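The values are calculated or read from the model by the stated rules, or taken from the named source; none is laboratory data. Keep in mind the model is a prediction, meaning the values are calculated, not measured. Note: ideal-geometry Cβ built from the backbone for every residue, glycine included; neighbour counts use all protein chains shown.
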């Protein structure tokens, strides 16, 4: 890690220094790229946030495809960044590599698992932070650190050369200080969409049950943010995303269905290595892997109807619409929270992040509020394949918010395009 109080201090496990030079020209020429330590950079060990993983895997001889595409567009890799162990956390507190600082909320967690990438971008030490997002690992740290975070449609960016977590939900993601740079990175990273062309969004659906999970004091400030977004999209409709029927618990049930399926995939992916290598994990990550080890195919089958119903509901809602809900339940928490408090927050956060994962849908985490305790972002979700539409909306939103914030002494200051 870096030392001496320079920008990005604590965000990197390797660097900051040039690890791979980019093309001399291209849409990202001159951009500094911080790469989450799940992606291969040729000649640099891929540690996945765990020393035992690093010790039991060969140093890669080639770059991950996502890294190669960004290098080809002119970006320069300046370091590998801290990740939660094997990306199985949303907090950004790694017991081996340390907790990257949160420049937007000093002393608070940066969010994870793309913790170092978010920290480096928020500190101004990197222009693009490459990350992954399975259950919110780009969207949540983007919110906690007050930067833009982009999770694309599932399958639109190749994941070869990246340590997996739950392959049925894993996506490449990226963090930037501006909507314009997020959109440009998307043009470089995204494969052509081969599915049905999504309808242009003409209405904004405000997930009232999602906002019910927000810290109560933030509901009123979010009203102006949502109003701005609604003006850009068209008509507005406020309704629960996951109606509670037959004694169900709405978004919490969706999150549990996601969590079970994800956990089973996680153990299939990493269980054999864990049983052989017996790695040293931090307590929270160890508990999650321990729980994942108990899941069976029957557990997944018992929640399949729930996931199927959730996906059908999401397909209906997202047809010709953009969904909005909080990107996180509130500002970044303090690292000293109890295990029970961390578990409770994780489940509430999953209720907000699981819908995009279940739908395989793109989502942008948009800077929205600057509270005394730290930033809180707004998440917008589009139909699968609508990544470019969502990026364009994010840019228009950022322009509108920047114009509204110009010259004002309130919490909207600090916006960038």
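Look at segment 61-80 and say how many of its residues are in contact (Cβ under 8 Å) with a residue 60 or more places away in the chain and touching a strand residue (DSSP E or B) at 6+ places or on another chain (Cβ under 7 Å).
Qualifying residue count, segment 61-80: 8.
What about residue 241, is it touching a strand residue (DSSP E or B) at 6+ places or on another chain (Cβ under 7 Å), buried (at least 17 other Cβ atoms within 10 Å of the Cβ) and within 29 Å of residue 304 (Cα to Cα)?
yes
Taking residue 219 as meeting all but one of (1) surrounded by 17 or more Cβ atoms within 10 Å (Cβ to Cβ); (2) modelled with pLDDT under 95; (3) not in a loop (DSSP other than H, G, I, E, B), write down the number of the exception.
(1)
Restricting the search to segment 367-377, which residues are buried (at least 24 other Cβ atoms within 10 Å of the Cβ) and in contact with a helix residue (DSSP H, G or I) (Cβ under 7 Å, 6 or more places away or on another chain)?
Hits for segment 367-377 are 368, 375, 376, 377.
Looking at segment 177-229, which of its residues are touching a helix residue (DSSP H, G or I) at 6+ places or on another chain (Cβ under 8 Å) and without any contact (Cβ under 8 Å) to a residue 24 or more places away in the chain?
219
With respect to residue 235, determine if the residue is over 22 Å from residue 136 (Cα atoms), touching a strand residue (DSSP E or B) at 6+ places or on another chain (Cβ under 8 Å) and free of Cβ contacts under 8 Å to residues at least 40 places away in the same chain.
Spelling it out, residue 235 is indeed over 22 Å from residue 136 (Cα atoms), touching a strand residue (DSSP E or B) at 6+ places or on another chain (Cβ under 8 Å) and free of Cβ contacts under 8 Å to residues at least 40 places away in the same chain.
Mind counting the residues in segment 39-56 that are in contact (Cβ under 8 Å) with a residue 60 or more places away in the chain, in contact with a helix residue (DSSP H, G or I) (Cβ under 6 Å, 6 or more places away or on another chain), on the phi < 0 side of the Ramachandran plot and surrounded by 21 or more Cβ atoms within 10 Å (Cβ to Cβ)? Even if it seems obvious, please write down each step before you answer.
Going residue by residue through segment 39-56, those that are in contact (Cβ under 8 Å) with a residue 60 or more places away in the chain are 39-40, 46, 48-53, 56.
This time we only want the ones that are in contact with a helix residue (DSSP H, G or I) (Cβ under 6 Å, 6 or more places away or on another chain), so: 39, 48-50, 52, 56.
So of that shortlist, the ones also on the phi < 0 side of the Ramachandran plot come out as 39, 50, 52, 56.
The next check asks that each one be surrounded by 21 or more Cβ atoms within 10 Å (Cβ to Cβ); those that pass are 39, 50.
Adding up the residues that qualify gives 2.
Does residue 86 meet the test of being over 30 Å from residue 342 (Cα atoms) and buried (at least 19 other Cβ atoms within 10 Å of the Cβ)?
no
Can you name the residue in segment 190-208 that is farther than 24 Å from residue 230 by Cβ and at pLDDT 95 or above and is also surrounded by the fewest Cβ atoms within 10 Å (Cβ to Cβ) among such residues?
192
Taking residue 236 as the residue in question, decide whether it is modelled with pLDDT of 95 or more and more than 23 Å from the chain's Cα centre (by Cα).
Against the criterion (modelled with pLDDT of 95 or more and more than 23 Å from the chain's Cα centre (by Cα)), residue 236 qualifies.
Restricting attention to helices (runs of 4 or more DSSP H) lying wholly within segment 238-348, give those where 2 or more residues are touching a residue at least 12 places away in the same chain (Cβ under 8 Å), touching a helix residue (DSSP H, G or I) at 6+ places or on another chain (Cβ under 8 Å) and farther than 27 Å from residue 380 by Cα. Working first, answer last.
Numbers: elements: 251-277, 283-294, 297-302, 304-318.
The helices (runs of 4 or more DSSP H) meeting that bar are 251-277, 283-294, 297-302.
Answer yes or no as to whether residue 187 is within 24 Å of residue 402 (Cα to Cα) and either modelled with pLDDT under 95 or part of a helix (DSSP H, G or I) (or both).
yes
Which condition number in (1) within 23 Å of residue 362 (Cβ to Cβ); (2) crowded, with 24+ Cβ neighbours inside 10 Å; (3) in contact with a helix residue (DSSP H, G or I) (Cβ under 7 Å, 6 or more places away or on another chain) is the one that residue 127 fails?
Answer for residue 127: the failing condition is (2).
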